[in-house]
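Take a look at the structure set out below.
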Number of protein chains: 4
Amino acid sequence: MALTGRRKWLNEVIFGTDTPAGRRFDVFLIWAILISVALVLLVSVEGIAGRHGELLFALEWVFTGLFTVEYFLRIYCAVNRRQYIFSFYGIVDLLAILPSYLALLFTGASYLLVIRLLRVLRIFRVLKLVRYLRDANILLRSLGLARRKILVFYASVLVMCVIFGALMFVVEGPKHGFTSIPKSIYWAIVTITTVGYGDISPQTSIGQGIAAMTMLIGYSIIAVPTGIVTAELATELRHDRTLHRCDNCSRAGHDRDAEYCKHCGYKLAELEEVR
Amino acid sequence: MALTGRRKWLNEVIFGTDTPAGRRFDVFLIWAILISVALVLLVSVEGIAGRHGELLFALEWVFTGLFTVEYFLRIYCAVNRRQYIFSFYGIVDLLAILPSYLALLFTGASYLLVIRLLRVLRIFRVLKLVRYLRDANILLRSLGLARRKILVFYASVLVMCVIFGALMFVVEGPKHGFTSIPKSIYWAIVTITTVGYGDISPQTSIGQGIAAMTMLIGYSIIAVPTGIVTAELATELRHDRTLHRCDNCSRAGHDRDAEYCKHCGYKLAELEEVR
Amino acid sequence: MALTGRRKWLNEVIFGTDTPAGRRFDVFLIWAILISVALVLLVSVEGIAGRHGELLFALEWVFTGLFTVEYFLRIYCAVNRRQYIFSFYGIVDLLAILPSYLALLFTGASYLLVIRLLRVLRIFRVLKLVRYLRDANILLRSLGLARRKILVFYASVLVMCVIFGALMFVVEGPKHGFTSIPKSIYWAIVTITTVGYGDISPQTSIGQGIAAMTMLIGYSIIAVPTGIVTAELATELRHDRTLHRCDNCSRAGHDRDAEYCKHCGYKLAELEEVR
Amino acid sequence: MALTGRRKWLNEVIFGTDTPAGRRFDVFLIWAILISVALVLLVSVEGIAGRHGELLFALEWVFTGLFTVEYFLRIYCAVNRRQYIFSFYGIVDLLAILPSYLALLFTGASYLLVIRLLRVLRIFRVLKLVRYLRDANILLRSLGLARRKILVFYASVLVMCVIFGALMFVVEGPKHGFTSIPKSIYWAIVTITTVGYGDISPQTSIGQGIAAMTMLIGYSIIAVPTGIVTAELATELRHDRTLHRCDNCSRAGHDRDAEYCKHCGYKLAELEEVR
């Protein structure tokens, strides 16, 4: 559906980044987001909130008003309204104004306004940081390929944490801080990830022995996600270097030594070596 | 030995996953396991145990009774009884009911019921999560190949921990928390794995110097298991590609998503998912 | 511009490392730097400062005087004065004497003299540690290639820390140590990097649940920079082999210790060490 | 020099592992070492030392006497005495008895007897654990190849720790636990290696900001040694798989695709694929 008149102009300014007006709008928006997040941080610092409370409160509502108007304008001028509302950006745009209104009901909710930070992701589109996006894509693709392996890995880590946690609860007991199995599982996660706060730590000899075992296991399996991601990333990077596109189905990602397209079987053109 | 009559039907329901009844049985079982483990966690939380103690206690025995009956039925209808009893699942099934009975003798043993969690591994078979199993296999195979290297590595780490522990015991002494060499070894493990609880920490200058050295060594050798696992995993992943062989030119090394041979353009056969 | 007379001789001694005098000067300089940094460390230890305060104070000014004279001599005899002043070494040379003079205005500034340590980087040039420089170059080049990916990664980590920090501030609140969002962000960084001081740690069940999630995420994404650097480093190391080319069959990819071409058996030319 | 008579027989028993007597001697020795180290650990536990002090003291001297006699017998029957005394094992054998005699002069020295643990390395030779030795060799060779890169890396980490330490000393000062620059450097090492005891932690906002930066840097450069070791290990593993030995100079370690020996230029025999 083609837009006309005011809606078309608004769409170009708000969604577009090609016209000078559209670009200025986006730059203005990003600054507004960053400043409003900084405001939220400042509000949370007691001393500052005490002295400038009124001002900060007013400013917060100014920004919330601004973003609310912007949100409804976006819905108004979107090509496909339903699609925008349920898109990633649409949901983030909504979440970025909701906490202010929720704060009227629940104290503290306004601090969740930091979710506005996610809106800054638009910066990629504005500054046309294509090379950065491409690197982000490689990272995401590698993580995506490693998805199932990482899931299997986390399932095993969690099962181990539950079993070690229950063991420590039996061995150490509530008088050394292991007051319940869920809390002991929390301890096991703190230990196996090598964070080690020390708010709960084993006191008995047997407990320290089990803890030592937990640590050594954590130390050893820390290698597994690294191995997975590295192996996938290495494959991705190797693929990436090969800007090798099939002339028939125009899909890329062929190996360096490929002579035929792996997707359609078409003979590939000679590979110019780009790096 | 072929089973007949009731034993055959029971075997199909309890061990099998192909008939609707067998599938329903397994799904029911997994929920029962998850709920009973959740019960154990709840029992350990003081507040909840105080208010609903009787109910939780009763439920625990209901599940234990259920699993006990199931265990004996499994033995009754197994094709080869001895083989089932001493198989991995057979032992886990036994361990999953034992703690309840042990709890009659030793208080606290009932918390070990979390071992029931291991029974959930059956979920792989039920949901036919073949792709997940395959990824788990790659992980296990890599760890298996790296077995000896990791053993050599842990032996060296433990020897280092003993020597550093003894050194710190001599330097810091009992008045700074290093009350015995085993406890100092515990400190060395906490430090070298970079967990760092801080429940025991060096107070003297020399002790802090030795601790700094221990940390830097730990920081550096944390790289070794990662290196081992990554190298083996990369080989495994490459090996995975090697299994994909063209029927025409019989050259391997195709990507997982390849449909045509990259060397001769011939259509590749379907890659069967499990090995 | 060629230098003549005294300036030329000074330039050879101060900047050069080829004449015996120039070499002796640099060795003397490095010792002076190391001793003066050691002095700064000693001054900061209360007991020592109390007993030998006067002596240490005098020595500090001796070294500062020495380095000040040297700095102006360097400017005097530099081939291109402006270029030296704004070069990396020129700035470090200035920073290495400034804190002493600043200390006349602000107490404590003199401790910043440790920045002198950066001057020791000259040691690479003096000892002609070419092989070390080459390895440093490989490391720097790998990090350079991974630059954009690491930036994208850090941006995501920081966004996550801000959001988790705000969440914990709302959940735990000031009475458990999370006194403001910036402080909660500090906690999130301490947790996600697996440092885990334990000076601030969650006390409520929900808080501990969120903390556990933060840790598991940190544990998992710790793999990403490793993967990036490893993949780039592996490419760099392979590239290093690629430079070793046979003069006969002009195929590259020989090992560093290869003496004969592995493809045609021809004697390889000496591999020049620096690139 | 060939040995004769009693010296020859002793040499076969003490140094050899081929005769039944030599093998039995080594097995006996390893048990003696393990038991004597276990004794040292027990002595350090206060409760046990109090109850069985006399017995443990006596046993310690029995083992020291045994090892002293063994040490002099080794010198007596060595083929080349000077070579044995200054070999790695000769020095470890001496260090394994010295602390007992030093303990007559300095209290506490006897705990250093744990150094005896290093003697157990002989186990490799006794059990002919060739495959394990080979894996240990691969690890050591990788670390050896990465030596220079790791040194450059540690030099930079230490310089960074000194500079961050001095900065924190100025910012936080003695009243928050940063009592001297060496202690602040200790804090920087604890933080950058992600150990994080929490015995010293920043209290001011600026200090926490600098600490957060230190952590993020530590988190990022933790990737570098891993990358180095992984890259070298991957190369080593690839080499290892190729059991490819030149018939002329009998040196191995050629690439899979090598046709000529890289050391002497001799044509290599066909490679049988062993894995």
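The values are calculated or read from the model by the stated rules, or taken from the named source; none is laboratory data. Everything numeric in this text was worked out from a predicted model, so none of it was measured. Neighbour counts run over all protein chains shown; Cβ positions are idealised from the backbone, glycine included.
Structure data summary
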{"read-out": "Selected residue (criterion: nearest to the other protein chains (Cβ to nearest Cβ)) from residues of region D:27-42 that are more than 19 Å from B:Ile163 (Cβ to Cβ) and more than 21 Å from the chain's Cα centre (by Cα)", "value": "D:Val27"}
{"read-out": "Given (1) at pLDDT 70 or above; (2) at the interface with chain D (Cβ under 9 Å from one of its Cβ atoms), number of the condition C:Ala166 does not satisfy", "value": "(2)"}
{"read-out": "Filtered residues of region C:96-118 (kept if more than 10 Å from chain D (Cβ to nearest Cβ), surrounded by fewer than 16 Cβ atoms within 10 Å (Cβ to Cβ) and touching a helix residue (DSSP H, G or I) at 6+ places or on another chain (Cβ under 7 Å))", "value": "C:Leu102"}
{"read-out": "Pair list, Cβ < 6 Å and 6+ apart or interchain, from region A:178-192 residues that are under 13 Å from C:Gly209 (Cβ atoms) to residues that are in a loop (DSSP other than H, G, I, E, B) and of a type in the set (Ser, Thr, Tyr)", "value": "A:Val190/A:Tyr197"}
{"read-out": "Residue check, C:Phe67 in the same structural domain as C:Leu95 (by TED's automatic domain parsing), under 22 Å from D:Ile163 (Cα atoms) and among the aromatic types (Phe, Trp, Tyr)", "value": "yes"}
{"read-out": "One residue from B:Lys149, B:Lys175 being of a type in the set (Lys, Arg), more than 9 Å from chain D (Cβ to nearest Cβ) and more than 20 Å from A:Ala211 (Cβ to Cβ)", "value": "B:Lys175"}
{"read-out": "Verdict on A:Leu121 being in a helix (DSSP H, G or I), surrounded by 15 or more Cβ atoms within 10 Å (Cβ to Cβ) and modelled with pLDDT under 70", "value": "yes"}
{"read-out": "Output for region A:75-92, where each listed residue is assigned to a helix (DSSP H, G or I), free of Cβ contacts under 8 Å to residues at least 40 places away in the same chain and more than 14 Å from chain C (Cβ to nearest Cβ)", "value": "A:Ile75, A:Arg81, A:Arg82, A:Gln83, A:Tyr84, A:Ile85, A:Phe88, A:Tyr89, A:Gly90, A:Ile91"}
{"read-out": "Condition check for A:Phe72: within 11 Å of another protein chain (Cβ to nearest Cβ), farther than 26 Å from C:Leu158 by Cα and of a type outside the set (Val, Ile, Thr)", "value": "no"}
{"read-out": "Among residues of region C:180-237, those that are surrounded by 24 or more Cβ atoms within 10 Å (Cβ to Cβ), polar (S, T, N, Q), within 7 Å of chain A (Cβ to nearest Cβ) and touching a Leu at 6+ places or on another chain (Cβ under 9 Å), counted", "value": "1"}
{"read-out": "Hits in region D:41-74 (condition: within 30 Å of D:Asn11 (Cβ to Cβ) and touching a residue at least 12 places away in the same chain (Cβ under 8 Å))", "value": "D:Leu59, D:Glu60, D:Trp61, D:Phe63, D:Thr64, D:Leu66, D:Phe67, D:Thr68, D:Glu70, D:Tyr71, D:Leu73, D:Arg74"}
{"read-out": "Residues (of a type in the set (A, V, I, L, M) and surrounded by 17 or more Cβ atoms within 10 Å (Cβ to Cβ)) located in region D:143-158", "value": "D:Leu143, D:Leu145, D:Ala146, D:Ile150, D:Val152, D:Val157, D:Leu158"}
{"read-out": "Set C:Ser36, C:Ser44: member being at pLDDT below 85, of a type in the set (Gly, Ala, Ser) and buried (at least 16 other Cβ atoms within 10 Å of the Cβ)", "value": "C:Ser44"}
{"read-out": "Unique match (being over 30 Å from A:Phe57 (Cβ atoms), at pLDDT below 85, surrounded by fewer than 16 Cβ atoms within 10 Å (Cβ to Cβ) and touching a Phe, Trp or Tyr at 6+ places or on another chain (Cβ under 7 Å)) among A:Leu140, A:Leu127, A:Leu133", "value": "A:Leu133"}
{"read-out": "Qualifying positions in region C:152-161 - more than 8 Å from chain A (Cβ to nearest Cβ) and farther than 16 Å from C:Ser220 by Cα", "value": "C:Ala155"}
{"read-out": "All positions within region D:164-206 that are part of a loop (DSSP other than H, G, I, E, B) and of a type in the set (D, E, K, R)", "value": "D:Asp199"}
